[in-house]
Amino acid sequence: MSIYDAAMKYKAAGVPLLVIAGKEYGSGSSRDWAAKGTLLLGVKVVIAESFERIHRSNLVNMGVLPLQFAAGESASSIGLSGREIYTIAGIAEGLKPGGVLTVQAGGENGRPKAFTALVRIDTPEELVAFKHGGILPYVLRQLCAK
């Protein structure tokens with residue numbers, strides 16, 4: 001099954017998606033379109049070893065939460081296959097720039113794995129846009145309030 005078909009199947013079922021990535025996630029051309037495509041596929045969170053600077057910002061402005069593995073950690077060092085079911089604690093209670101969240105991954109072999117991830121919303125302004133679901137909903141709400 002193609003990535004698009006699988007994503008649409010999950011989207012129709014109301015299952016939010018998460019991407020597990022390596023280093024410099026988002027490098028390459030058309031980074032703004034890449035962030036839009038990520039959102040349109042139903043991806044809500046990207047956990048990466050590191051992010052390309054502009055793409056990270058574009059993800060935030062699309063309402064996709066960028067999280068970064070702790071220094072020296074990766075999907076393979078933690079033992080993630082990508083088939084787990086992920087739960088991220090603390091998003092609603094206290095998301096803040098540079099904060100740390102706990103990610104629980106479980107389901108594939110019955111042994112849950114927990115790890116921390118750095119919130120890569122880097123500024124208070126990015127946090128405001130993210131909490132509105134991205135920059136476009138934020139600006140539209142501001143315009144409608146006038």
- Leading residue by the ranking (farthest from F51 (Cα to Cα)) among those in the range 78-124 that are at pLDDT 95 or above and out of contact with any strand residue (DSSP E or B) (no Cβ under 8 Å at 6 or more places or on another chain): P124
- Task: Give S76, S57 a once-over and let me know the one that is within 22 Å of L136 (Cα to Cα) and polar (S, T, N, Q).
- Result: S57
- Task: Could you please tell me which pairs satisfy a Cβ distance under 6 Å, a separation of 6+ or placement on different chains, a first residue in the range 39-56 that is in a helix (DSSP H, G or I), and a second residue that is open to solvent by less than 60 Å² (accessible area, probe 1.4 Å)?
- Result: L39/M62; L39/V64; H55/G26; R56/P66; R56/R120
- Item | Selection count where residues are farther than 20 Å from V15 by Cα and open to solvent by 60 Å² or more (accessible area, probe 1.4 Å), scope the range 56-100 | 8
- Item | Qualifying residue in the range 101-120 (condition: in contact with a Lys or Arg (Cβ under 9 Å, 6 or more places away or on another chain), small (G, A, S), open to solvent by 40 Å² or more (accessible area, probe 1.4 Å) and outside any helix (DSSP H, G or I)) | yes
- In the range 38-54, anything open to solvent by 30 Å² or more (accessible area, probe 1.4 Å) and either under 20 Å from Y4 (Cβ atoms) or among the β-branched types (V, I, T) (or both) is listed as L39, L40, L41, K44, I54
- Task: Test E73 against the criterion of being assigned to a helix (DSSP H, G or I) and touching a residue at least 40 places away in the same chain (Cβ under 8 Å), and give yes or no.
- Result: no
- F130: open to solvent by less than 70 Å² (accessible area, probe 1.4 Å) and either closer than 19 Å to G79 by Cβ or in contact with a Lys or Arg (Cβ under 7 Å, 6 or more places away or on another chain) (or both), yes or no? no
- Given the structure, is A34 of a type outside the set (S, T, N, Q), in a helix (DSSP H, G or I) and surrounded by 15 or more Cβ atoms within 10 Å (Cβ to Cβ)? yes
- Message: Can you tell me which condition G82 does not meet? The list is (1) within 15 Å of A114 (Cα to Cα); (2) not in a loop (DSSP other than H, G, I, E, B), and all the others hold.
- Response: (2)
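The values are calculated or read from the model by the stated rules, or taken from the named source; none is laboratory data. Quick caveat, the model's predicted, so the values are computed rather than measured. Please note: Cβ atoms are built from the backbone with ideal geometry, for glycine as well, and neighbour counts cover all protein chains shown. Side chains are part of the model used for accessible areas, which takes the heavy atoms of the whole protein and leaves out ligands, DNA and RNA. Shrake-Rupley method; radii C 1.70, N 1.55, O 1.52, S 1.80 Å.
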